[in-house]
Amino acid sequence: MTEQQSKRLNTFFVRTYNTIQTLEERALLQSGIGNLSVKELHILEAVTELLRDGRNTMSHIAARLCISVGALTTAVNTMVRKGYLVRRGKEGDRRVVLIEPTETGRLANEQHERFHQDMIERAGEQLDEASLETLCESLDKLAAFFEQYAK
């Protein structure tokens, strides 16, 4: 990789991350969910995704988010107090704690999903089909790299 390419990639990652986070914060405020942070919203998203296949335990959620169970516990405690999540014991094994969204949490996650869908559709409109496919293939490789790097 050349120095110029390295600078371009760094600029892209930093600016894009910051811009998307700013857009998510703005969307949160506009939707009336001002008492959730973007980090909390992403926890809610992970809980909702993992709930679909019955893996909504603290350890699975923490692994999905690449954070410790301790850090997740602190965030979940806050989100339970805010009314977005609930804890439930697993039937048949009360040692296992399941995390689930409340109705308020489900609604907040649906708004967040709409934000992401709109962002994806608008970004996709900027590229022709061949460029979009090349981008998706490259992003798949980058995602795999970052997931491995995080371990």
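General observations
- Taking the conditions (1) farther than 15 Å from Val47 by Cβ; (2) charged (D, E, K, R); (3) assigned to a helix (DSSP H, G or I) in turn, Glu113 satisfies each one other than (1).
- Some residue of segment 85-99 being in contact with a Lys or Arg (Cβ under 8 Å, 6 or more places away or on another chain), free of Cβ contacts under 8 Å to residues at least 24 places away in the same chain and under 30 Å from Gly32 (Cβ atoms): no
- Residue pairs meeting the criteria (Cβ under 7 Å; at least 6 apart or on separate chains; first touching a residue at least 40 places away in the same chain (Cβ under 8 Å), in segment 129-150; second surrounded by 10 or more Cβ atoms within 10 Å (Cβ to Cβ)): Ala150/Cys66
- Among residues of segment 1-33 being within 30 Å of Thr104 (Cβ to Cβ) and among the charged types (D, E, K, R), the one that is surrounded by the fewest Cβ atoms within 10 Å (Cβ to Cβ) is Arg26.
- Qualifying residue in segment 94-102 (condition: surrounded by 10 or more Cβ atoms within 10 Å (Cβ to Cβ), charged (D, E, K, R) and assigned to a helix (DSSP H, G or I)): no
- Those residues of segment 84-135 which are under 21 Å from Ile20 (Cα atoms) and either touching a Cys at 6+ places or on another chain (Cβ under 7 Å) or hydroxyl-bearing (Ser, Thr, Tyr) (or both), in sequence order: none
Quick note: the coordinates plus some simple rules give every number you see, no bench work behind them. As the structure is a computational prediction, the values presented were derived from the model and not from experiment. All Cβ positions, even for glycine, are placed from backbone atoms using ideal geometry, and neighbour counts span all protein chains on display.
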